[in-house]
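J.: What follows is a structure written as structure tokens; I'll ask about it next.
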Amino acid sequence: MPFPVPGSPGSNAKKYANALKIAMQFFDVQKSGKLVDNKISWRGDSALKDGRQEKLDLSKGMYDAGDHMKFGFPLAYTATVLSWSILEYGDQMKGVNQLEPAQDSLKWITDYLINAHPSENVLYIQVGSPKADHSCWDRPEDMTRAKASHTGEHFFPRNGGCC
């Protein structure tokens with residue numbers, strides 16, 4: 001026999017709606033680049049020069065682990081899970097006004113991933129230095145130095161590597 005749900009009817013739905021809103025805000029907090037229609041008052045534009053050395057715009061994307069790194073594979077996974085969530089639960093997301101924020105975050109990620117694949121057989125999979133940027137816990141808005149962008153070939157060269 002199931003236990004009764006505490007609270008008034010509909011209170012759980014409101015709690016889940018609030019939890020989903022906070023989850024969607026997490027994506028906004030992690031954003032890198034020129035923040036258009038920024039809903040997070042304490043976040044500002046950051047990493048606007050990412051990719052410039054390669055003549056690419058890799059400013060968008062999302063930071064990983066609260067530091068200044070951007071990794072393509074975890075971001076692609078995030079896009080996959082977010083896409084699947086929108087497909088499966090889009091009606092419910094729409095019912096609590098979170099479908100548009102989810103779609104906006106997904107577009108932010110895919111814009112970055114598209115820019116990170118500038119030509120056939122070239123994919124930038126990382127922006128930042130594991131040593132300098134993974135250990136930096138400053139605000140991304142205060143970052144001033146240029147960050148290196150790396151393709152898969154940087155980590156797995158064709159001559160003797162895995163690819």
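The values are calculated or read from the model by the stated rules, or taken from the named source; none is laboratory data. Just so it is clear, the structure is predicted and the values come from calculations on it, not from any experiment. Backbone-built Cβ (ideal geometry, glycine too); neighbour counts: all protein chains shown. SASA here: full protein model, heavy atoms, side chains in, ligands and nucleic acids out. Shrake-Rupley method; radii C 1.70, N 1.55, O 1.52, S 1.80 Å.
J.: Give me a count of the residues in region 24-37 that are among the aliphatic types (A, V, I, L, M) and exposed (fewer than 14 other Cβ atoms within 10 Å of the Cβ).
T.: First, the residues of region 24-37 that are among the aliphatic types (A, V, I, L, M): 24, 29, 35-36.
Subsequent filtering for residues that are exposed (fewer than 14 other Cβ atoms within 10 Å of the Cβ) retains 29, 36.
Residues that pass the stated criteria total 2.
J.: Name the single residue that is nearest to Ala76 (Cα to Cα) among those in region 41-65 being aliphatic (A, V, I, L, M) and open to solvent by 20 Å² or more (accessible area, probe 1.4 Å).
T.: So, considering only residues that are aliphatic (A, V, I, L, M) and open to solvent by 20 Å² or more (accessible area, probe 1.4 Å), the one nearest to Ala76 (Cα to Cα) is Ala65.
J.: Regarding Ala102, is this residue more than 25 Å from Ala23 (Cα to Cα), in contact (Cβ under 8 Å) with a residue 60 or more places away in the chain, open to solvent by less than 30 Å² (accessible area, probe 1.4 Å) and in contact with a helix residue (DSSP H, G or I) (Cβ under 8 Å, 6 or more places away or on another chain)?
T.: Answer is no for this residue.
J.: All but one of (1) at pLDDT below 95; (2) outside any loop (DSSP other than H, G, I, E, B); (3) within 25 Å of Asp67 (Cβ to Cβ) hold for Met24; state the number of the condition that does not hold.
T.: (1)
J.: Still on this structure, please answer the following. Return the total of residues in region 106-135 being open to solvent by less than 30 Å² (accessible area, probe 1.4 Å) and either of a type in the set (S, T, N, Q) or in a loop (DSSP other than H, G, I, E, B) (or both).
T.: 4
J.: When only residues in region 60-87 that are at pLDDT below 95 and over 10 Å from the mean Cα position of the chain (by Cα) count, which is nearest to Tyr112 (Cα to Cα)?
T.: Phe73
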